[in-house]
Amino acid sequence: VQQLPPHQISLLFCVFVFFTSTLCFPPGFIFNLVAPPQDLQITDPGLLGVLDIEWKPPPNVQTFNECTVKYKFEYRSAGDRDWKVIFTRKLKFRVGFDLSRTAEVRVQTLLEGTCTDDVEVQSDWIYATFQVPLPGKLESEVQNFHCIYHDWEYLKCTWQPGLLAPRGVRYGLYYWYEGLDHAVQCNDYIQDRGINIGCTLQNLSQAEYQDLSICVNGSAAATLLRPLYVTLRLHNLAKPSPPEQLVVSVSAVEELQVAWSPPAGGTPPHCLEYEVQLAQEEGEAEAAWASVSMQMETALTISRANKSHISCVRVRGRTNIFCADQGFWSDWTQECFSGMEPKVTSVSFTSFIKPVWDQALMAAMGICWCPALGDGILV
């Protein structure tokens, strides 16, 4: 401290005293050093949930030539506990909201540099909210809206009419993602008795790993219907086809060898993980299915040292944690086989050849119960 210039020592002392009493600065001095931004506005460009947020610099920003002026911008939809935070020098942002709820934003000025002796100074917050008009009662909104991104090739969304929807209701689905000039209407509807209850969207590869905004609205004579707004991430809705070319064989040393190929379609092979299930035949009783989790490997070798009689092998896949936060499992493969070995009461997994698995994985395997599948391929 003795090597610092006298004015910096004095400032450090006053800052210390300020946070322990109010001797050096009058109340509010630090926070009044810089004003908050001005004219915070929210506008709707008609992109189904994406709103434009902009503001103007504080009026005294020109007086801080020796400092960097930044902004802390936070936003959320009403009811969310946490704010999404952006630090920026920009004055305008385009962000997505759930338009069924009120959009909330706030901004403050951050000042740091020589003029503050490199201490970050924050202004007060300014706030703004936005709510689109929501006609009709909540019960008139479509129900059970559900979407699946099949094979990373097409998105299929389905819904059911709202509880208050009258006969003859007409539904329309509109979507938008970054790169489109405007919202686009579905051109491939799924119908039931003349009513649109779903939509299939093709060619969405440019929308992967970004927000896809969707609105489903309806119209009916003399009845106001509430629109549904949702924001999707395609990679979290992916469902691949079942793995292909499942081959089960028994080697000369009585090891059970299972191999398969990734499914056809657009699902990236490196984005798949697998689950293998093996059924222990129990005569007329239900079969015990033992599961083994795999990553990107497409082969599994299992020791049969205990002479277990495995009656069926099946495999399914889904998007792994390296490509998505979640996803849907594919359907199971249907191939089964039967063996001629003595029956035992458990299935033993004692050795993995491709790859060599840690023994901790063995202990983590779970058992579930379901009806045994019929015999198929004879081994």
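What follows draws every value from the coordinates through simple rules; no lab data is involved. From a predicted model like this one, the values you see are computed outputs, not experimental measurements. Note that we place each Cβ from the backbone using ideal geometry, even for glycine, and neighbour counts take in every protein chain shown.
Looking only at the range 176-223, how many residues end up being surrounded by 13 or more Cβ atoms within 10 Å (Cβ to Cβ) and part of a loop (DSSP other than H, G, I, E, B)?
The number of residues fulfilling the criteria is 7.
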Looking only at the range 165-210, which residues are on the phi > 0 side of the Ramachandran plot and of a type in the set (Ser, Thr, Tyr)?
209
Can you spot a residue in the range 84-94 that is among the polar types (S, T, N, Q) and surrounded by 16 or more Cβ atoms within 10 Å (Cβ to Cβ)?
no
In the range 245-270, residues that are touching a Pro at 6+ places or on another chain (Cβ under 6 Å) and in a strand (DSSP E or B) total 1
Whichever residue in the range 259-275 is aliphatic (A, V, I, L, M) and surrounded by fewer than 21 Cβ atoms within 10 Å (Cβ to Cβ) and, among such residues, is nearest to residue 172 (Cα to Cα)
264
Could you please find all residues in the range 159-175 being in a strand (DSSP E or B) and buried (at least 17 other Cβ atoms within 10 Å of the Cβ)?
159, 171, 173, 174, 175
Scan of the range 242-258 for residues that are within 31 Å of the chain's Cα centre (by Cα) and either aliphatic (A, V, I, L, M) or crowded, with 17+ Cβ neighbours inside 10 Å (or both), ordered by number:
242, 243, 246
